[in-house]
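Asker: Please see the structure below; I have some questions.
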Amino acid sequence: MASLRLAAALPLFLSLLHPAHGQRIGTLVPEVHPKLTTQVCTTAGGCVNKQTSLVTDALSRHFHAADDASVSCSAQPLNTTLCPDAATCAQNCVLEGVEYGSIGVLATGAAVTLRQYLFDGAAFKSVSPRVYLLAEDDMNYEPMRLLNQELAFDVDLSRLGCGMNGALYLSEMDMSGSRSALNPAGAQYGTGYCDAQCFTVPFINGLPNLNNSGSCCNEMDIWEANAEATVFTPHPCSGVGSFLCAGTECNKTVGVCDKDGCGLNTFGLGNPDYYGPGLTVDTARPFTVVTQFLTSDNTTAGDLVEIRRLYVQDGAVIPNTAKTTNAAVAKLPGYQGAVTQDYCEARNTSDFLRLGGVKAMGESLARGMVLIFSIWNSPGDFMSWLDGGSNGPCNATAGDPKTIIANNPDVSVTFSNIRWGDIGSTFSAATSPGGGASSAGAEAGGKAALQASTSGAVSARQAAVGAAAGLTALLGVFLA
């Protein structure tokens, strides 16, 4: 672990050695962050707007030589003339702004649409945007501290089929984007990304990755989904905040992070009739997703003991299904379709348990994490781990990006009305998206879910479902 502590301290150490130098911010393309209104909610006071915004990842930007914009500073292998060390690289390289429409991001009001492909006049090209939530200061990431709290959002993934992943998740990134003398751009230019996969990327925390390190941190996948399947998955790590791994530390089975996690996919657990077009949670229409992080004593000082999922659609609260054909899960006393330590033990998630399990995930949630939105597909495995085989209804080749481009290149996901706060404060069945009349069974299930939740008045929230509809109208301009 000494190597991890040294790696985490490296940006500060280098900035003390070279205080006069700094990675330059370019002037070719101005950085204008798309505004995205979010809300913080309490049971006592309801929901209050926050004027937050979005920023894309630093590695999706034009990062070029200061004296020649045609020379890339982020190409692999690294240009050792430009970047023989961190300080020289910071002097020689310039990080530019982004025109967000060109990377498939369209935000208006409380909604953001992400597109996988854009048409360049000759063919569809993949843009696969990933964006982070910035705080109201427009300089640092919004700290999401969700222990004994809940996070809710509306989603429309009716245009997102097999092989696609419209994701909303949390990573324990540094809130400044690891800003330093050598990385003055920081969060406002999308630096500092990390997750539990410990990917090896050319730049980490705004500094060149000269040692082939992995970039690691705790990760909570709130929502990985398309219209056919969904999973939510905690991924704990052994370190705190953003840290580096080297060698076997980056490995899957003996590493410093749980790469597989302890996921819950209702299809994979044996209920194919719960989530999908026309099913209990009807993915052909918008709906609300609520994730609650419940603690041992119902306070922010307690240990995380349960990650609970609810949906709201057609005026009804729909609890996550507990129906399962998994024998070990079915034997759990009181199993309610939630991630708990007992559930993860029943699923034999050895790395998850080795790295602290549910409690460790709660410690990360208490420290604060960054909210991330993305859309992507996978040429290597066609996203079958999410929606194919025993995990979903998609066939072996439906998720091939070539098939997606040929049959349905206009794939997108819209997230809207993002809000977080006290348990029970972020959702109301009366203002749910989806339209239409609810079934008696769904209504009864909603009442049961509400009774099971920690007590507290459900505050009225400002309904902004019209924002998603407005985005549909704007897409015609966006594609022109």
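The values are calculated or read from the model by the stated rules, or taken from the named source; none is laboratory data. Every value quoted in this text rests on a predicted model; they were computed, and no experiment measured them. Counting neighbours? That spans all protein chains shown, and the Cβs are built from the backbone with ideal geometry, glycine included. The accessibility values were calculated without ligands, DNA or RNA, using every heavy atom of the protein model including side chains. Shrake-Rupley method; radii C 1.70, N 1.55, O 1.52, S 1.80 Å.
Asker: Step through the residues of segment 302-316 one at a time and calculate ³J(HN,Hα) from phi using the Karplus curve (6.51 cos²θ - 1.76 cosθ + 1.60, θ = phi - 60°), rounding each to whole Hz and writing x for Gly and Pro.
Answerer: x, 7, 5, 10, 7, 10, 10, 10, 10, 10, 10, 7, 6, x, 9
Asker: Amide H of G241: which non-local residues (sequence gap of 5 or more, or other chain) have their own amide H closer than 5 Å, using H built in the peptide plane?
Answerer: Result for G241 returns N218.
Asker: Same structure again: Assigning unit charges at the beta carbon (Lys, Arg +1; Asp, Glu -1) and nothing else, what dipole magnitude in debye, to the nearest 20, does segment 82-237 show about its Cα centre? Intermediate values should be presented prior to the final figure.
Answerer: Details: 6 positive and 18 negative charges, 70 e Å.
Once rounded to the nearest 20, the dipole reads 340 debye.
Asker: Could you pull out every residue, at least 5 positions away or on a different chain, whose amide H is within less than 5 Å of the one on C93? Hs are placed 1.01 Å off N in the peptide plane, and Pro or chain starts have none.
Answerer: Placed amide hydrogens put R24, A66 under 5 Å from C93.
Asker: What part of the accessible area of segment 175-244, given as a whole %, is carbon or sulfur when the probe is 1.4 angstrom?
Answerer: On the way: 780 of 1540 Å².
It is 50 percent, rounded to a whole number.
Asker: If you don't mind, there's one more thing I want to ask. First compute the accessible area of segment 62-142 with a 1.4 Å probe, then give the percent of it belonging to carbon and sulfur atoms. Could you put the intermediate results ahead of the total?
Answerer: Values: 1650 of 3230 Å².
C and S atoms contribute 51 percent here.
Asker: At L279 and T27, where each label point lies 7 Å from the Cα along Cα→Cβ, what is the point-to-point distance in nanometres?
Answerer: My value for the distance between the label points is 5.6 nm.
Asker: Calculate, for segment 275-408, the solvent-accessible area per residue in square angstrom, rolling a 1.4 angstrom probe over the heavy atoms of the protein chains. Write out the running numbers ahead of the final one.
Answerer: Numbers: 5380 Å² over 134 residues.
With the other protein chains kept in place, segment 275-408 gives 40 Å² per residue.
Asker: To continue, here is another question. Peptides 264-276, 114-126: what's the order by average Cβ count within 10 Å, highest mean first?
Answerer: Values: 264-276: 20.5, 114-126: 15.7.
The packing order, highest mean first, is 264-276, 114-126.
Asker: Still on this structure, I have one more. Would you work out if segment 61-158 is rounded, prolate or oblate? Take a ≥ b ≥ c from the square roots of the eigenvalues of the alpha-carbon gyration tensor; rounded if a/c is under 1.5, else prolate when a/b is larger than b/c, oblate otherwise. Walk me through the intermediate numbers first.
Answerer: Values: a/c = 2.71, a/b = 1.45, b/c = 1.88.
Note, shape of segment 61-158 comes out oblate.
Asker: Would you mind getting me the FRET efficiency between N395 and N251? Use the beta-carbon distance for r and R0 = 30 Å, nearest 0.05. Don't skip to the answer; put the middle values down first.
Answerer: Details: r = 32 Å, r/R0 = 1.06.
Here the calculated transfer efficiency is 0.40.
Asker: Write down the accessible area per residue of segment 40-132 in Å², having rolled a 1.4 Å probe over the full set of protein chains.
Answerer: Numbers: 3690 Å² over 93 residues.
In whole numbers, segment 40-132 has 40 Å² accessible per residue.
Asker: Under a straight-distance cross-link criterion of Cα-Cα below 24 Å, which lysines are reachable from K259, leaving out those fewer than 8 residues away in the same chain?
Answerer: The reachable lysines, counting only those whose Cα sits under 24 Å from K259, are K359.
Asker: Once you list every other residue whose beta carbon is under 14 Å from the beta carbon of V127, what net charge do they have if Lys and Arg are +1 and Asp and Glu are -1?
Answerer: Details: positive: R61, R115, K125, R130; negative: D57, E99, D120, D410.
Here the count lands on 0.
Asker: Next question. Of all the accessible heavy-atom surface of segment 328-392, with the other protein chains kept in place and a 1.4 Å probe, what percent is carbon and sulfur?
Answerer: The computed percentage sits at 51.
Asker: Net charge within 15 Å of P333 by Cβ-Cβ distance, Lys/Arg positive one each and Asp/Glu negative one each, not counting P333 itself? Don't skip to the answer; put the middle values down first.
Answerer: Details: positive: K331; negative: E306, D342, E345.
Net local charge, P333 excluded: -2.
Asker: Please turn the phi angles of segment 74-84 into ³J(HN,Hα) values with the Karplus equation 6.51 cos²θ - 1.76 cosθ + 1.60 (θ = phi - 60°), one per residue in order, whole Hz, x for glycine and proline.
Answerer: Ordered by residue, 3J(HN,Hα) equals 10, 5, 10, x, 4, 6, 6, 6, 6, 10, x Hz.
Asker: At a 10 angstrom cut-off on C-beta neighbours, averaged per residue, how do the peptides 81-87, 247-253 rank from highest to lowest?
Answerer: Details: 81-87: 18.4, 247-253: 14.6.
Packing proxy ranking, top to bottom: 81-87, 247-253.
Asker: Can you order the peptides 201-207, 70-76 by their average number of other Cβ atoms within 10 Å per residue, highest first? Before the final figure, lay out the partial values.
Answerer: Details: 201-207: 23.0, 70-76: 14.6.
Top of the packing list down: 201-207, 70-76.
Asker: Among rounded, prolate and oblate, which fits segment 275-358 when a ≥ b ≥ c are the square roots of the eigenvalues of its C-alpha gyration tensor, a/c under 1.5 means rounded, and a/b larger than b/c means prolate? Intermediate results must be reported in sequence, preceding the final value.
Answerer: On the way: a/c = 2.34, a/b = 1.46, b/c = 1.61.
It comes out oblate by the Cα gyration axes.
Asker: Sticking with this structure for a sec: Can you work out ³J(HN,Hα) from phi for every residue in segment 44-57, in order, using Karplus 6.51 cos²θ - 1.76 cosθ + 1.60 and θ = phi - 60°, giving whole Hz and x for Gly and Pro?
Answerer: Along segment 44-57, the couplings run 7, x, x, 9, 10, 5, 10, 8, 8, 8, 10, 9, 8, 5 Hz.
Asker: For segment 115-186, what does the alpha-carbon gyration tensor say about shape, rounded, prolate or oblate, given a ≥ b ≥ c as the root eigenvalues, a/c under 1.5 as rounded, and a/b over b/c as prolate?
Answerer: Values: a/c = 2.97, a/b = 1.37, b/c = 2.16.
It comes out oblate by the Cα gyration axes.
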